[in-house]
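K.L.:
Structure incoming, see below.
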Amino acid sequence: MKITILAIESSCDDTSIAILRDNILLCNLTANQTIHKEYGGVVPEVASRKHLIHIVPLLDRALKEAQVDKSEISAIAFTKGPGLLGSLIVGVNFAKSLALSLSIPLIEVHHMKAHILAHFIEDPMPRFPFLCLTVSGGHTQLVVVEGYDDMEVIGETIDDAAGEAFDKAGKMMGLDYPAGPLIDRLAKNGNAVFSFPEPKVPGLNFSFSGLKTAILYFLQKEMKKDATFIKNNLNDLCQSIQSRIVSILLKKLIQASKQTGIKEIAIAGGVSANSGLRTALIEEAKEQGWEVYIPHISHCTDNAAMIAQAAHFKYLKKEFSSLDVTPAARMEF
Ligand code: KG4
Ligand code: ZN
């Protein structure tokens, strides 16, 4: 009997549904919500209402694309958290009703663990133990991964997340939300001519709020002198900001590798799509003798394929959830 997992991801603004059969991805569809651009960030209430609109047509499209009949599904997987509560409620209840109506098991998945397990969707796969830098819009974590469900956070941000730093810096420069991908694109034509401070945080933790304030003051000062400063220096500003965020991330990654002795290094989460980070990691790998694992772009930002992959491992261990499971905005690792 084939193991066919249908997974639902709805932790933030994107609705995503994937189908994985015997560990082979049959489809991974995402409905983006562009409406948040108008507000400069995700509006939770709007996000949950959009999930409600997107989820049923997305399920139909997924089944069609994967050429799977509902009767062939072995289990329904969903993101339990962490994330926006209203968004999670839509996914959790949709998953529950599907599982109930099809009389099949329900599998809850931890969103941040799934970002890491996205590495097992495709070859090459990291070998245990590996070190994963998980960088998203809400989290920045250094995780020692000993097994599919044996993970320990050894460092994390004490304030903003790396993705948040990209998005907030972008907002200050008048860029649309989410600014991370835009900064990445503009930085390609710029040079890191502006120097932004490096935070002094002890141990393996990160901080990005000082950088955010430094960028704000710098822009205010320059704009007072020349109102066209941002417009005329946008590419260089993007490259300068991106280079600093990347250098902060890499410094701690190097420190974590030295501290743990682990040289199998992976990155995950939305910010792992950043070309500056991807290139810098490959360069650093030569220096440090690392084996690096960089996910396919489509598995970096939020997607249901990673939820399906995480659920596949749980299915093998028969780790099912009961129908009274509830979403969790915050979740321990
Ligand atoms: O993992 P993700 O899709 O959602 C969360 O779980 O938060 O990450 C979203 C974050 C946003 O902050 C977005 O700006 C950032 O990832 N991001 C990027 C890039 N693509 C997405 N940041 C920098 N460069 C990119 N290419
Ligand atoms: Zn995410």
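The values are calculated or read from the model by the stated rules, or taken from the named source; none is laboratory data. Only a predicted model underlies this, so the values are computations on that prediction, with no experimental measurement involved. With ideal geometry, Cβ positions are generated from the backbone for all residues, glycine too; neighbour counts draw on all protein chains shown. Just so you know, the surface numbers come from the protein's heavy atoms only, side chains and all, with ligands and any DNA or RNA stripped out. Shrake-Rupley method; radii C 1.70, N 1.55, O 1.52, S 1.80 Å.
K.L.:
Please determine, in degrees from 0 to 90 and to the nearest 10, the orientation of helix 275-288 with respect to the longest principal axis defined by the Cα atoms of the chain, where the helix direction is its Cα long axis.
P.N.:
80
K.L.:
Using 7 Å Cα-to-Cβ label points, what is the residue 156/residue 2 separation (nm, one decimal)?
P.N.:
3.8
K.L.:
Taking a probe of 1.4 angstrom, what is the accessible area of residue 123 in Å², to the nearest 10?
P.N.:
It works out to around 130 Å².
K.L.:
Also, I was wondering about something else. With a/c under 1.5 counting as rounded, go ahead and sort the stretch 76-190 into rounded, prolate or oblate using the C-alpha gyration tensor (a ≥ b ≥ c being the square roots of the eigenvalues; past the cut-off, prolate if a/b is larger than b/c, else oblate).
P.N.:
Oblate shape, in that a/c is at least 1.5 and b/c is the bigger or equal ratio.
K.L.:
Per residue, how many Å² of accessible area does the stretch 214-333 show with a 1.4 Å probe?
P.N.:
Heavy-atom accessible area per residue stands at 48 Å².
K.L.:
Determine the principal axes of the Cα atoms in the chain, then give the extent along each, sorted from largest to smallest and rounded to whole angstroms.
P.N.:
66, 46, 31
K.L.:
Output ³J(HN,Hα) for the stretch 15-24: one whole-Hz value per residue in order, computed from phi by the Karplus curve 6.51 cos²θ - 1.76 cosθ + 1.60 with θ = phi - 60°, and x for Gly and Pro.
P.N.:
Each residue's phi maps through the Karplus curve to give 9, 9, 10, 10, 10, 10, 10, 6, 6, 10 Hz.
K.L.:
Calculate how many DSSP beta bridges within the chain are antiparallel, expressed in % of all such bridges and rounded to the nearest 5.
P.N.:
Looking only at bridges with both residues in the chain, the antiparallel portion is about 60 percent.
K.L.:
Follow-up question, since we're still on this one. Report, to the nearest whole %, how much of the accessible area of the chain belongs to carbon and sulfur atoms, 1.4 Å probe, protein only.
P.N.:
Accessible surface attributable to carbon and sulfur in the chain totals 53 percent.
K.L.:
Roughly how big is the chain's charge dipole about its Cα centre, with Cβ charges of +1 (Lys, Arg) and -1 (Asp, Glu), in debye to the nearest 20?
P.N.:
Computed about the Cα centre, the dipole is about 500 debye.
K.L.:
Considering only protein heavy atoms, with the full assembly of protein chains and a 1.4 angstrom probe, order 19, 24, 254 by accessible area, largest first.
P.N.:
The ordering from most to least exposed comes out as 24, 254, 19.
K.L.:
Measure nothing fancy, just the Cα-based angle from helix 229-260's long axis to the longest principal axis of the chain, in degrees from 0 to 90, nearest 10.
P.N.:
Approximately 60 degrees, to the nearest 10.
K.L.:
Further, regarding this structure: Keeping all protein chains in place, calculate the accessible area per residue for the stretch 1-110 (probe 1.4 angstrom), answer in Å².
P.N.:
Heavy-atom SASA per residue in the stretch 1-110 reads 43 Å².
K.L.:
Continuing with this model, one more query. Near residue 212, which lysines are there with a Cα under 17 Å away, not counting those fewer than 8 places off in the same chain?
P.N.:
168, 171, 200, 221
K.L.:
State the extension gain, in nm to one decimal, for the chain segment bounded by residue 279 and residue 251, taking 0.36 nm per residue of separation less the distance between their alpha-carbons.
P.N.:
Taking 0.36 nm per residue and subtracting the Cα distance, the gain is 8.6 nm.
K.L.:
Oh, and also: Taking the Cα centre of the stretch 1-43 as the origin, how large is its charge dipole in debye, to the nearest 20, when only Lys and Arg (+1) and Asp and Glu (-1) carry charge on their Cβ atoms?
P.N.:
Magnitude of the dipole: close to 200 debye.
K.L.:
With a cut-off of 8 Å between alpha carbons and a minimum separation of six or more residues, what is the relative contact order of the chain in percent?
P.N.:
For the chain, the relative contact order is 25 percent.
K.L.:
Quick one: which of 37/224; 96/317; 225/252; 2/113 span more than 31 angstrom between C-alpha atoms?
P.N.:
225/252
K.L.:
Grab the beta carbon distance between residue 286 and residue 214, set R0 = 35 Å, and tell me the FRET efficiency rounded to 0.05.
P.N.:
0.70
K.L.:
Checking the a/c ratio against 1.5 first, then a/b against b/c, what shape does the Cα gyration tensor give for the stretch 140-182?
P.N.:
Here the stretch 140-182 falls in the prolate category.
K.L.:
Using only the alpha-carbon atoms, how far is helix 44-66 inclined from the longest principal axis of the chain? Give it as 0 to 90 degrees, nearest 10.
P.N.:
For helix 44-66, the angle is close to 60 degrees.
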